[in-house]
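> Okay, here's the structure, questions in a sec.
Bear in mind these aren't lab numbers, they're just calculated from the coordinates by the rules spelled out. None of the values given here were measured: they were computed from a predicted structure. Neighbour counts run over all protein chains shown; Cβ positions are idealised from the backbone, glycine included.
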């Protein structure tokens, strides 16, 4: 190796400095095809939650009543619900085959945005990385909302506002359009972990914190989702199925199936903390053997399990 | 307390159990923001009712005119879009936070290319309400503020700035003179106060409103709106108050009103009194989103209006 002359050395130093400086703009590249892992909350995320299961949700009485009066016929009778997608927050839980790509400004080589595409409802989202502000309050809300990201070391923290009203759990527990959704994306080699936080002044008394994981899957090919509504059940126009307060016959099923005290299935901040296990330990009588969703980490497993 | 609230209401606003709008803000402190909706249509959002603004080569068309006191401020914003004359105004209903600026805009919107004063379109019950005796001994409404182009058929239409404008009457909803306005090429629907996503709907029983008519109106809106892929965008909806919306937002609101109607109807069938219904917490799941315990339209007033509306129907 020949020696560098001073001017070459200076140029090399500048190049080195530029290369070292570049990661400040984008510490980690999340680009790629990611396959969701369902080892957490598989039964809720794949076949769907049990009716009346509000466990792990720091909900207020408004959300609880919404769940208690929810009639699952609503998603077929209200035709506008048939093609209603997950919100950005629930997308991270649902059929979450995920593609991420970057938008780079050609001139400055700065990261403008991450873009995501998910299998469910072909949902696409832009996470702006160029420091632009969120829209004013009066702007339209969308299913994916308006997202901006900031680096915290190698972790990407994303803030999403302007979401449409959607569900926090698909058994009638709502999430309002006033919610703020925060994500923390962390990549460890071929694994992506996303910690999500929902702050909802309408339906939560505390932030709802959850996590989801993906593994890198370069061979993944996400197909077209597609959806067209149809009148599936003959009902008078404008019918909105709902149980009258106190008249839902299904609310105790979940507690009975799993041997849980009914109170523990009702959600609320208290039920999130370890001390609550102590409180209900004498009332928890799990079944002798597992009968529902005993092995539910893929959609196929869960469907077989539920039979 | 009610007397104090009544004093604060703008002349012409109603002050009985079935409330009208809150009074106008101080113009010096008022906030109005212009936003592009889509196509030819913009919206002025802020204090008072939303004002839809359509601009083009023919001039300017407005849906609602807000409070009279805010008209100069609103006109200044509109002039940033067009220096043409105001040719058409459509009043969605009679309340002063939506029609208070009729006279002011008729003057402010005149230019050298004007062909007389703007046509002010409204369903005939709006004119009847404005020309008749005012509730609570409120002063008469000056003639300059009246609509000059009333209709009594199910709809009226005209052409402006390269697109068809369809004005549909929605009977006995928020009031008995409600209109919704569809900008067909721009694919934008202005709903007036039939749809107010920032609070429970005001059902002005004294002026012919009803919960059944309101639900019918919301369902009519859903017949007109068509979203693009996956229930988003497409037809955009300008509510009477509050942020820009689309069909999915109207669905949530229609569901809420329908579900509450069903609950209160059931309670009436079971013989519950109004006081019992108001104590029963039948709106708990929606109160944190739409409700209020103070102000010009409380949850209690909304429940009472639904109860009275359904009870009247039973008679």
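> Just want to confirm a number: the relative contact order over segment B:189-315, from Cα pairs under 8 angstrom separated by 6+ residues, in percent.
Relative contact order here is 32 percent.
> While we're on this one: With a cut-off of 8 Å between alpha carbons and a minimum separation of six or more residues, what is the relative contact order of segment B:48-139 in percent?
In percent, rounded to a whole number, it is 28.
> Among B:307, A:273, A:54, what is the fewest-to-most ranking by other Cβ atoms within 10 Å? Present the calculation step by step, with values, prior to reporting the outcome.
Details: B:307 23, A:273 11, A:54 26.
By the 10 Å Cβ count, ascending: A:273, B:307, A:54.
> So, one more: How much length is gained on full extension from residue B:79 to residue B:266, taking 0.36 nm per residue of separation minus their Cα-Cα distance? Provide the component values of the computation, followed by the final result.
Details: separation 187, 0.36 × 187 = 67.32 nm, distance 5.16 nm.
So the chain would gain 62.2 nm between residue B:79 and residue B:266.
> Mind giving me the nanometre distance, one decimal, between the label points for residue B:300 and residue A:73, set 7 Å out from Cα along Cα→Cβ?
It works out to 3.6 nm between the two label points.
> Suppose R0 equals 22 Å. What FRET efficiency, 1/(1 + (r/R0)^6) with r the Cβ-Cβ distance, do residue B:158 and residue B:113 give to the nearest 0.05?
Details: r = 18 Å, r/R0 = 0.83.
Efficiency computed from Cβ-Cβ geometry: 0.75.
> Among B:252, B:150, B:279, which one shows the highest mean-square fluctuation when chain B is modelled as a Gaussian network with alpha-carbon springs under 10 Å?
Per the Cα network of chain B with a 10 Å cutoff, B:279 tops the list.
> Let me test this: with uniform point scatterers at the alpha carbons of segment B:2-263, what is the Debye-based log₁₀ I(q)/I(0) at q = 0.14 1/Å?
-0.90
> Would you mind calculating the relative contact order of segment B:2-263 from Cα pairs under 8 angstrom and at least 6 residues apart, reporting the percent as a whole number?
16 percent
> In cubic angstrom, how much convex hull volume per residue do the alpha carbon atoms of segment A:182-244 span?
183 Å³
> If you take every DSSP beta bridge whose two residues both sit in chain B, what share of them, in percent to the nearest 5, is antiparallel?
Expressed as a percentage, antiparallel bridges in chain B total about 70.
> Only counting other Cβ atoms within 10 Å, I'd like A:304, B:237 sorted with the fewest neighbours first.
Fewest-to-most ranking of A:304, B:237: A:304, B:237.
> Say we join alpha carbon atoms closer than 10 Å with springs in a Gaussian network model of chain B; which of B:59, B:100, B:209 then has the biggest fluctuation?
With Cα springs under 10 Å in chain B, the top fluctuation among B:59, B:100, B:209 is at B:59.
> Hey, another quick one. Arrange the following residues from fewest to most other Cβ atoms within 10 Å of their Cβ: A:134, B:93.
Numbers: A:134 16, B:93 30.
Taking fewest neighbouring Cβ atoms as first place, the list is A:134, B:93.
> Let me ask something else about it. For peptide B:278-288, how many partner chain Cβ atoms fall within 10 Å of a residue's Cβ, on average?
For peptide B:278-288, the averaged partner shielding equals 5.
> Sticking with this structure for a sec: Using only Cα atoms, locate the centre of segment A:100-136 and the centre of segment B:247-264, then give the distance between them in Å, rounded to an integer.
35 Å
> Assuming R0 = 45 Å, can you tell me the calculated FRET efficiency for the pair residue A:263 and residue B:184, based on Cβ-Cβ distance, to the nearest 0.05?
0.25
> Among A:89, A:137, A:256, which one shows the highest mean-square fluctuation when chain A is modelled as a Gaussian network with alpha-carbon springs under 10 Å?
A:137
> What is the list of residues in segment B:215-251 whose amide nitrogen lies under 18 Å from a point 7 angstrom out from the Cα of residue A:82, following Cα to Cβ?
B:222-232, B:247-248, B:251, by backbone N distance to the label point.
> Under the 0.36 nm per residue contour assumption, what length would be gained going from the current alpha-carbon distance of residue B:223 and residue B:144 to full extension?
Numbers: separation 79, 0.36 × 79 = 28.44 nm, distance 3.52 nm.
Full extension from residue B:223 to residue B:144 adds 24.9 nm.
> Quick one: divide the alpha-carbon radius of gyration of the protein assembly as shown by 2.2 N^0.38 Å and tell me what you get. Intermediate results must be reported in sequence, preceding the final value.
Numbers: Rg = 27.8 Å, N = 622, 2.2 N^0.38 = 25.4 Å.
Scaled against compact globular proteins, the figure is 1.10.
> Treating chain A as a set of equal point scatterers at the Cα positions, no solvent, please give the Debye-formula log₁₀ I(q)/I(0) at q = 0.07, 0.11, 0.15 Å⁻¹.
Each listed q maps to, in turn, -0.35, -0.78, -1.34.
> Ok, one more. Express as a percent, rounded to the nearest 5, the fraction of DSSP beta bridges in chain A (both residues included) that run antiparallel.
95 percent
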